[in-house]
Amino acid sequence: MRGNSPEVSPDAPCVVIFTDAPGWHGRRLREAFSRLGWHSRCVSLARCALGSRGVQIPGLPGRLPDAAFVRGVPGGTLPQVIHRLNVLHELAARGVPVMNDGRAIERTVDKSMTTLLLERAAVPTPPTWVGEGEAAALRFVRRELAAGHRVVMKPVFGSQGEGLQRIEAPADLVAAGGSDGLYYLQRFIEPGGPLHADLRVLVVGGRARAAMRRRSAHWVTNRAQGGQCLPVALDPALAALAEAAVAAVGAAYAGVDVLEGGDGRRWVGEVNGVPAWYGLQRVTPSLDIAALLAGVLCASPTGLSQVHVRVQ
């Protein structure tokens, strides 16, 4: 099997990076795995198959990888997405360390499940309502508005700040409609100043490793939506909050979005189980994030099993 570096032994272990668009992240990961003496191969989950011979991965005829890193799960129909997650489940069942595994992906891609797990673990998250039916959704919106709070409506499945809508009057909800017949409504945490900002914390192997502040004149602060990334100190309270959030969803690594209200309180808005880190890397040059991720995965089963033991 051909590797990604002439310096890697032909008998070295192989990691599959599941992605449809390797780009900058894929290059950084492959370089990091190569430095650790591992081969790497980028493969789309959409090209993998399941059958009587188990998991079949392009480029690995008759064998399984020694580890797998999930950079993306391509969208599709419900049966297609379930199949792709089943590939991750089966790899883990056959003893292949997967970062993040299918359970963590399911728990974080579904915002409603993330919210339930955060609340169950007593991790502070904004008051949320998820359900079907405009009338019931309007009742939640009216209660929040009457208490002086605005509301954010999010797609249950979505990322990078896409599809977010702020509800400032009942008519806004009626005009927006639900997302695939479902309403995910969450209290809007008002900023403490004229600019909007939140914090993104990267947790790897159970520990908070780096953080940044995302700031914007617009209330959607994601870098993909034009937010500015700024370095920020990772204080103990922020680290503990992010670590608790990731433990609640059972992820080996994740990006935690932390909202700061004008009253100084912090809330976990979301936990991203397939986080990008381009912006975070730019403001934390002293930390090689790809090397950190690769190192934790290559240390498996120790590196990942410690995380899973804590959350099971």
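We did not get these values from a lab; they are worked out from the coordinates using the rules stated. Everything numeric here is computed off the predicted structure, so don't read it as measured data. With ideal geometry, Cβ positions are generated from the backbone for all residues, glycine too; neighbour counts draw on all protein chains shown.
Among GLY59, ILE289, GLN165, which residue has its Cα positioned farthest towards the positive end of the charge dipole of the chain, with +1 placed on the Cβ of Lys and Arg, -1 on the Cβ of Asp and Glu, and the dipole taken about the Cα centre?
Positive-end residue among those listed: GLY59.
[x] 20.2, 66; [y] 27.5, 84; [z] 29.7, 94: which one is Rg and Dmax of the Cα atoms in Å as calculated from this entry?
Looking at Rg and Dmax of the Cα atoms in Å for this model, the match is [x].
Using only the alpha-carbon atoms, how far is helix 111-120 inclined from the longest principal axis of the chain? Give it as 0 to 90 degrees, nearest 10.
So the inclination is approximately 80 degrees.
Starting from 0.36 nm per residue, how many nanometres of slack lie between ARG139 and ALA175 once their C-alpha separation is accounted for?
My answer for the length gained is 11.4 nm.
Given the peptides 76-83, 205-212, arrange them by the average over their residues of other C-beta atoms within 10 Å, most packed first.
By packing density, highest mean first, the sequence is 205-212, 76-83.
Where a ≥ b ≥ c are the square roots of the eigenvalues of the C-alpha gyration tensor, would you call the stretch 14-96 rounded, which needs a/c under 1.5, or, failing that, prolate if a/b is larger than b/c, or oblate?
It is oblate, given that a/c is not under 1.5 and a/b is not larger than b/c.
Would you work out the charge dipole size for the chain about its Cα centre, treating the Cβ of every Lys and Arg as +1 and the Cβ of every Asp and Glu as -1, and quote it to the nearest 20 debye?
Rounded to the nearest 20 debye, it is 460 debye.
In percent, what relative contact order does the stretch 25-90 have, based on Cα pairs under 8 Å that are 6 or more apart in sequence?
Averaging sequence separation for qualifying contacts and normalising by length gives 27 percent for the stretch 25-90.
How do GLU270, GLU168, GLU243 rank when sorted from fewest to most other Cβ atoms within 10 Å of their own Cβ?
GLU168, GLU243, GLU270
Among 22-33, 251-262, how do they line up by average Cβ neighbours within 10 Å per residue, starting with the highest?
251-262, 22-33
What's the extension gain from GLN56 to ALA21 if we count 0.36 nm per residue and subtract their Cα-Cα distance?
Gain on stretching GLN56 to ALA21: 10.6 nm.
Between THR77 and ASP110, how many nm apart are label points set 7 Å from Cα along the C-beta direction?
2.1 nm
How high is the relative contact order of the chain, given as a whole-number percent (alpha carbon pairs under 8 Å, six or more residues apart)?
Computed over the chain, the figure is 16 percent.
In nm, give the distance between the simple-model label positions of GLU190 and ALA49, each being 7 Å from the Cα along the Cα-to-Cβ direction.
Once both label points are built, they end up 5.9 nm from each other.
Let me check against my output: what whole-number percent is the relative contact order of the stretch 128-187, with C-alpha pairs under 8 Å and at least 6 apart?
Once normalised by length, the contact order is 51 percent.
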